[in-house]
1. I'd like to know how region 78-117 sits against the 2.2 N^0.38 Å rule of thumb: what's its Cα Rg over that expected value?
2. Round to the nearest 10 and give me the degree value, 0 to 90, for the angle of helix 70-83's Cα axis relative to the longest principal axis of the chain.
3. Distances over 19 Å make up what percent of all Cα-Cα pairs in region 329-382?
4. Just the Kirkwood number for region 101-179, please: inverse of mean 1/r across all distinct Cα pairs, in Å, one decimal.
5. Lys and Arg at +1, Asp and Glu at -1: add these up for the other residues within a Cβ distance under 11 Å of G145 and post the number.
6. Within straight cross-link reach of K183, meaning Cα distance under 14 Å, which aspartates and glutamates are found once same-chain residues fewer than 8 apart are removed?
7. If I fit a long axis through the Cα atoms of helix 102-111 and take the longest principal axis of the Cα atoms of the chain, what angle between them do I get, 0 to 90°, rounded to 10?
8. Which of the three applies to region 186-377, rounded, prolate or oblate, going by the alpha-carbon gyration tensor with a ≥ b ≥ c and a/c under 1.5 meaning rounded?
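Just so you know, all these numbers are worked out from the coordinates, no wet-lab data involved. Keep in mind the model is a prediction, meaning the values are calculated, not measured. Methodologically, a virtual Cβ is constructed for each residue, glycine included, from the backbone with ideal geometry; neighbour enumeration extends over all protein chains shown.
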Amino acid sequence: MRRKRKQVKPGISGNIPYKQRIEEAFKSNLHLQDTSRQTFGKVQLAKCISASGLEDIFAYLHILLRDDNPQVVTAAIQSAGQTRNRQFIPVLIGKLADPRYKKAAAEAIFNFGAKTMDILIHYLNDPKEEIQVRLNIPPILADLGGQQAANTLIQNLDQPDARLRDGIIKALHDISGRSREIKLDEGKIVKIILDEAQNCLQTLAVLYFEAGLNQDEGKTSRIKEKRIRKRLIAILEKRLDDDLERIFRLLGLKYPHDDIQNIYLGVRSRKSDIRINAVEFLDNLLSANLKKVIIPIIEMTLVDGLVKKSLARLNIHVNTEFEALTLLLNENDVEILCLTLKLMAELKDERYVPHVGSLIHHENEEIRNNAEAVLKNLEILK
């Protein structure tokens, strides 16, 4: 009678327990003088640990995830994903912040399937979590797909960081484009579109006021002040373009994507007749509550002379630079905040003190330093 051969797990020799074999291999590898052999050995150890499925030796995989060699860390990330053991999920999510490992980490997290959803949602919702980690979560949710992922992304559309909102919108397009069965909360989408439109109008109002002030040579004779204002205007113009593009991408979640895409391209065209046709098409497509806000914004961005009249009609008023700059202090953009504070430092207006004081404890060092500079120029802080 033919006897069955005993199956031996990778790396096991004879009757030596697998855990002991890994421990011995790990220790002996540390004493290798040849770095290339040491790297190769660590990569093989990572593979063996994941193949074993033994939680008793997963500690060694954690150690490899902290290795100095990127090749070893990448192999450990891949192996951690293959174990599908939840203890590795937070570590893998943390690796999303490192450009060297974010692709491997995202693929490893995807291996866990839907059971990572609750943890991913927690990290996405946590404002204290590193932004680079949060930025890489929407694409993973999009890859996982399904109604739960779509619902989570919809509920996070109002994140204050514009980069995160952009990533969430893109992920929603990916999910909805992949399955017609996915239902998106249109009420929430409309609310976010209106919020974005309000932000856009505020940016436009501040930009209009600052641009006019910068052209007044009498009020802006100081060279440094004028230079800072010019940089701020350039950033606000870029911000306005980004806001408008984001509005159209959000509209693409509610209305036929191809129609919205064609309208956006038409609005951005250099030919006036194409722009006019695009605005008319959009006017016929939008619901009444969106139309009364979106159409004026597009008209204002196309025809400079309509800005003042349209802002007044929409009850958007910025009458002084004090109003304009204090509005900008509510922004979540580091560059805009820093330029605003630099301009305040030049203006030396004590009315800014209540608005700037709390920023000396901001989590961002550059913002803290600029806030301190404002208070020092006003001799409020030494």
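1. That ratio works out to 1.00.
2. In the chain, helix 70-83 runs at an angle near 80 degrees to the longest axis.
3. Roughly 12 percent, rounded to a whole number.
4. 12.4
5. -2
6. Answer for K183, where 14 Å is the Cα cut-off: D174, listed by chain and number.
7. Tilt relative to the chain: about 60 degrees.
8. Here region 186-377 falls in the prolate category.
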